[in-house]
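Peer 1: So that we are looking at the same thing, I have put the structure below in structure tokens.
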Amino acid sequence: MVLRRGFFGWLIPAAFVLPLWLFVGWIVSGAGGWAFLWMVFAIPGVFLWQLLLSVLVRARGTVRAHRAVSWWDVLGFTAWHGLIIALGFYNQAWWMPLMIVAVLVGIALFWLELWQLWSEAKPSRMVLRTTEGMAYIPPAEERADASLQDVIIVTEKQRPPAS
């Protein structure tokens with residue numbers, strides 16, 4: 001649960017840290033003009049894509065309730081962020097195949113988040129069906145200490161109108 005909560009907290013800062021890493025990596029590695037041209041498009045793309053994915057993750061009720069992402073999210077974001085970090089080293093030998101894989105993993109992560117959001121928002125999650133085919137919404141769980149609560153009734157006194 002700690003790892004999943006850590007990813008929950010990392011989603012928004014990642015939108016700023018990952019593009020910054022691409023810029024710092026370009027400076028440190030001494031990559032050329034073609035890398036700079038790619039970086040002009042990649043930095044805003046990574047920023048906006050990460051924000052979009054973060055919104056899709058945080059839109060799910062279970063994520064908001066537990067303040068933790070799912071294990072599928074952990075797997076997807078680990079792969080995608082790892083690929084982006086590797087891209088920041090700008091190694092010419094494996095940079096282009098790595099970029100293609102990073103784009104594909106980012107698209108797959110988008111569809112994964114949509115699938116999780118859709119499956120969680122389906123009415124079938126909230127409505128149970130009986131063997132006769134009837135659907136019903138299960139009642140809310142009653143608290144065990146509900147009978148121990150005090151009930152206070154306040155009545156209002158009627159005042160005669162002032163003359």
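The values are calculated or read from the model by the stated rules, or taken from the named source; none is laboratory data. Only a predicted model underlies this, so the values are computations on that prediction, with no experimental measurement involved. Quick reminder, even Gly has a Cβ in these numbers, built from the backbone with ideal geometry, and neighbours come from all protein chains shown.
Peer 1: Quick check, is Phe89 in a loop (DSSP other than H, G, I, E, B), surrounded by 12 or more Cβ atoms within 10 Å (Cβ to Cβ) and either among the hydroxyl-bearing types (Ser, Thr, Tyr) or at pLDDT 70 or above (or both)? Can you show your working first?
Peer 2: Values: in a loop (DSSP other than H, G, I, E, B): yes; surrounded by 12 or more Cβ atoms within 10 Å (Cβ to Cβ): yes; either among the hydroxyl-bearing types (Ser, Thr, Tyr) or at pLDDT 70 or above (or both): yes.
Considered against the rule, which asks whether it is in a loop (DSSP other than H, G, I, E, B), surrounded by 12 or more Cβ atoms within 10 Å (Cβ to Cβ) and either among the hydroxyl-bearing types (Ser, Thr, Tyr) or at pLDDT 70 or above (or both), Phe89 comes out as yes.
Peer 1: Further question on the same structure: Select from region 37-60 the residues that are touching a helix residue (DSSP H, G or I) at 6+ places or on another chain (Cβ under 7 Å) and loosely packed, with under 12 Cβ neighbours inside 10 Å and list them in ascending order.
Peer 2: Residues satisfying the conditions do not exist here.
Peer 1: Next question. Return yes or no: is Val40 under 18 Å from the mean Cα position of the chain (by Cα) and among the aliphatic types (A, V, I, L, M)?
Peer 2: Working: under 18 Å from the mean Cα position of the chain (by Cα): no; among the aliphatic types (A, V, I, L, M): yes.
For Val40, the condition - under 18 Å from the mean Cα position of the chain (by Cα) and among the aliphatic types (A, V, I, L, M) - is not met.
Peer 1: Among the residues of region 26-36, which ones are among the hydrophobic types (A, V, I, L, M, F, W, C), surrounded by 14 or more Cβ atoms within 10 Å (Cβ to Cβ) and assigned to a helix (DSSP H, G or I)? Please lay out each step first, then the result.
Peer 2: Just the residues of region 26-36 that are among the hydrophobic types (A, V, I, L, M, F, W, C), to begin with: 26-28, 31, 34-36.
Filter once more, keeping what is surrounded by 14 or more Cβ atoms within 10 Å (Cβ to Cβ): 26, 31, 35.
Listed by number, the residues that qualify are Trp26, Ala35.
Peer 1: Search region 65-86 for residues that are touching a residue at least 60 places away in the same chain (Cβ under 8 Å) and surrounded by fewer than 20 Cβ atoms within 10 Å (Cβ to Cβ) and pair each with any residue that is of a type in the set (D, E, K, R) and not in a helix (DSSP H, G or I) when their beta-carbon atoms are under 9 Å apart and the residues are at least 6 apart or on different chains.
Peer 2: Final answer for the pair search is Ser70/Arg60.
Peer 1: Also, I was wondering about something else. Residue by residue through region 53-64, note down the ones that are in contact (Cβ under 8 Å) with a residue 40 or more places away in the chain and under 9 Å from the mean Cα position of the chain (by Cα). Talk me through it step by step, then tell me what you get.
Peer 2: Step one: list which residues in region 53-64 are in contact (Cβ under 8 Å) with a residue 40 or more places away in the chain, which gives 53-54, 56-63.
The answer is Leu53, Ser54, Leu56, Val57, Arg58, Ala59, Arg60, Val63.
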